[in-house]
Structure formats: structure tokens, C-alpha cells
Amino acid sequence: MSTSPDEVVWNLLHGAIAARALAVVAELDVAGALADGPRPVGEVAAEVGADADALHRFLRALASDGVFVETEPGVFANTPASELLPAGTGWNAFAQLFGGVFYRGIGELDSSGEATFARVLGTDFWSWLAEHPDQRALFDLAMEQGKERRVERFAPIEWRGDETVIDVGGGNGSLLAALLDRRPGLRGIVFDLPETVRDEAALGERIEFVEGDFFEQVPPGDVYVLSTILHDWDDEHAARILSTIRAAAPEGARLLIIDSVVPPGNEPNGAKWLDLLMLALARGKERDERQWRELLAAGGFEPVAFHIEGVIEAIPA
């Protein structure tokens, strides 16, 4: 059954409300409260500290789109979608960010081409995160979401087997740890800002966390990984990151970029929407293949392959 023009517009219009509603139930950990099965909404509200009528209205709306289900009047249960949302999960963190600080930043998005986050919050996005450790922790947890799929994207990459891998902007190290689990001969360095929330003891003996700023310098290594980093930045700043890596890269080094390559045409693609979020937060952008080639050249790299799994492989030019 095709979607009517009215439905297309309505589905877009209520998106902001849905994002905020999802953030509210994520903050309350309603999915966790329903983990053992259906419960009356009044009972859940008392447990999580919410108004029962308001919570019922949130859950009723979300259930209409498949997040939670009302099994009988006033009784709700999890669905496969809401089972992704308990506290401590990446999707819970994403829900809080998209319906929280991201929501505030994108609410003033306009056509000026400038990031609206700083205008609304009073400072740039990265400085704001550094000043709000709880939100930084949410951000790092959200970035861990989907690490298994990101690691699988490395499948077409050939490895010598004894390389030192530098995960530039690697957050809490979850991606690098997952990669090294699959390739026991590799060693790694997670390189990120000092305020990054991480458990260094959990990284193991083969991974070291090194504090630093990728606009200034990065450690030497055999393979550099940039996983969903460059889309955070405009072309000028992204080229600076690449130039910093190029300056540190020894002969024979490789660069692996995990990021979206926006396809042409009108088919649905999440990167086309994330592109607007990147603009609002920090003037970042999602890029198509032509834009990636231009950016890599500006940063001193030459693309070797655009793998279908979403990995761009490049070498120093």
C-alpha cells in the first residue's frame, strides 16, 4: 500500500515530537522497567518517577509506531524495537542525544550554512561536551553502538597481520578492541581527547590509550582508522585532520575511513538526514564519492578503493 502525499508530509512533521518522546522514555529507562513483561502504566510511572497520565500518552504514541505495545488498556510491554532501549545501551544513548542536546541544536537550523549549536548553547559542540561529562559519557556510549557492523566492514581489507593500528578519535576503544579480537596479531593505539570516557584496564595488553588532539599530532603507525570522524567536520578541518595523519604516517602506511558515501538519486538513505545534523552541530557534512576524493587529495592521500561495505581505503599521495 503506497503512502499518500499527506502521510509523507505528516510523517516528517511529527518527527521532532517522536525524537523527544523517545528521549523521555530513554531517560526514564522505561524499556528496562518492562524487561520482565507487560506492566500497568501507573506501576511503571511510580517506579521511574513520572506522571502516570503523561507516561501513558508517551507510550501510546510510541506504540503507534512500533516502539512498545499496549497489550490491554493501560498495560504496556516491550517490542523488538523498544528492547533496544534499556539504560546502558548505545540506542538508549542515541535516543537521549537526538531528543536532547542534538534536538536543541538542530531546532534553530537554518539555511545560513553555519552551525546553529554554538548560537543556541553558547559554545561549540566539542567544548560543550567537554564541559558536560554526563553527556560526553552518553556520546561515547552512543558511538559504541553498531561496532560489530563497523568491524565487519573491514572484511575486504587485506592485513599483513602484525600491524599497529591507530584508531584516531577512537573514543572508548570498543571498535579497536573488536577488531583486535578478530585479528590476534595486531596491536593498537586509541588516540582521543583526555576527557574521553573509557575503561583503559578493559582495553587489554595489546591496546594503549594515548591522549591528544588530532589537529596537532597523532602517533606513528601502520594503519590509521577514522571511524565516523571526518563527517563531524567541514572540509577545512577534515583536511587538517588528514594532513596531521599524513605527517605522521611512515612509508607504506594505510588509511581506512569508515564513513558514509552518499549515493546519488532520491532513494532513502540515513546519511542524507545525518548530513543536516552534522551541519547543525559543527558544520560537518556527509560526502559523496567526488567530495571524498577531493578531501583526500587536500589532505595528502590517494584513494585506493571505495569498498561497498562502507570503507574507504587510501594511501599517502
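See the values below:
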{"read-out": "Residue ranges of helices (runs of 4 or more DSSP H) in region 1-74 with at least 1 members at positive phi", "value": "none"}
{"read-out": "Test result for residue 216, modelled with pLDDT under 95, outside any strand (DSSP E or B) and not hydroxyl-bearing (Ser, Thr, Tyr)", "value": "no"}
{"read-out": "Residue match in region 186-204 (condition: in contact with a Gly (Cβ under 7 Å, 6 or more places away or on another chain) and either surrounded by fewer than 16 Cβ atoms within 10 Å (Cβ to Cβ) or not assigned by TED's automatic domain parsing to the domain that holds residue 232 (or both))", "value": "no"}
{"read-out": "Condition met for residue 136 (within 13 Å of the chain's Cα centre (by Cα), in the same structural domain as residue 227 (by TED's automatic domain parsing) and not β-branched (Val, Ile, Thr))", "value": "no"}
{"read-out": "Counted residues, region 261-309 - those being small (Gly, Ala, Ser), surrounded by fewer than 17 Cβ atoms within 10 Å (Cβ to Cβ) and either under 26 Å from residue 101 (Cβ atoms) or in contact with a strand residue (DSSP E or B) (Cβ under 6 Å, 6 or more places away or on another chain) (or both)", "value": "2"}
{"read-out": "Selection from region 136-185 of residues that are hydroxyl-bearing (Ser, Thr, Tyr) and at pLDDT below 90", "value": "174"}
{"read-out": "Top-ranked residue of region 17-48 - restricted to ones that are closer than 30 Å to residue 107 by Cα and out of contact with any helix residue (DSSP H, G or I) (no Cβ under 7 Å at 6 or more places or on another chain), ranked as surrounded by the fewest Cβ atoms within 10 Å (Cβ to Cβ)", "value": "17"}
{"read-out": "Of residues in region 282-305 being in contact with a helix residue (DSSP H, G or I) (Cβ under 6 Å, 6 or more places away or on another chain) and either basic (Lys, Arg) or modelled with pLDDT under 95 (or both), the one farthest from residue 123 (Cα to Cα)", "value": "285"}
{"read-out": "Residue selected from region 75-117 under the condition hydroxyl-bearing (Ser, Thr, Tyr) and in a loop (DSSP other than H, G, I, E, B), by the criterion farthest from residue 37 (Cα to Cα)", "value": "112"}
{"read-out": "Among residues of region 123-181, those that are part of a helix (DSSP H, G or I) and within 19 Å of residue 90 (Cα to Cα), counted", "value": "25"}
{"read-out": "Failed criterion for residue 104 (all others in (1) over 30 Å from residue 234 (Cβ atoms); (2) loosely packed, with under 15 Cβ neighbours inside 10 Å hold)", "value": "(1)"}
{"read-out": "Helices (runs of 4 or more DSSP H) contained in region 225-299 and holding at least 2 residues free of Cβ contacts under 8 Å to residues at least 24 places away in the same chain and either of a type in the set (D, E, K, R) or under 22 Å from residue 309 (Cβ atoms) (or both)", "value": "270-282, 289-298"}
{"read-out": "Among (1) farther than 13 Å from residue 192 by Cβ; (2) surrounded by fewer than 21 Cβ atoms within 10 Å (Cβ to Cβ), the one test that residue 165 misses", "value": "(2)"}
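Every residue, every condition in (1) free of Cβ contacts under 8 Å to residues at least 40 places away in the same chain; (2) farther than 29 Å from residue 136 by Cβ; (3) charged (D, E, K, R), yes or no:
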residue: 32; (1), (2), (3): no, no, no
residue: 38; (1), (2), (3): yes, yes, no
residue: 53; (1), (2), (3): yes, yes, yes
residue: 67; (1), (2), (3): no, no, no
residue: 76; (1), (2), (3): no, yes, no
residue: 111; (1), (2), (3): yes, yes, no
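The values are calculated or read from the model by the stated rules, or taken from the named source; none is laboratory data. Model, not experiment: these values are computed from the prediction. Note that each Cβ is placed from the backbone with ideal geometry, even for glycine, and that neighbours are counted across all protein chains shown.
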